[in-house]
Amino acid sequence: MRSMENNVLSAVSRVPSLSIIIDDFDSSKDPKDQKTVQNSTGTTPRVYTRSYSDASIKKILEEAEHRKHEFWKLLDEHNAVIENLKRIENLEHKII
């Protein structure tokens with residue numbers, strides 16, 4: 001049991017920490033408002049503008065919509081296969 005705790009602690013200590021700083025962007029409509037994501041390694045932080053965030057959200061929503069349509073197509077194909085199998089099964093029962 002003790003070695004399991006040590007493994008958990010060592011796994012946690014290997015994961016670098018991440019600090020996320022988010023300002024209230026709804027209170028200010030200035031397009032120059034920027035959000036900063038920093039990591040603890042001291043590297044240069046990445047700066048995200050609101051337009052970048054909006055574009056990312058739009059891309060995610062479009063991809064989700066595309067996946068939803070693909071999922072519905074797969075369900076339709078599945079239903080068609082099931083109906084075809086039922087038809088074949090019924091034909092076999094009529095022959096026997």
How long is the gain from Asn90 to Leu61 if the chain were fully straight, where each residue apart is worth 0.36 nm and the alpha carbon distance is subtracted? 6.1 nm
Label points 7 Å out from Cα along the Cβ direction at Thr49 and Trp72: separation in nm? 3.5
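Taken together, the values in this text are just the output of simple stated rules run on the coordinates, not laboratory data. Just so it is clear, the model here is predicted, and its values are computed rather than measured. Methodologically, a virtual Cβ is constructed for each residue, glycine included, from the backbone with ideal geometry; neighbour enumeration extends over all protein chains shown.
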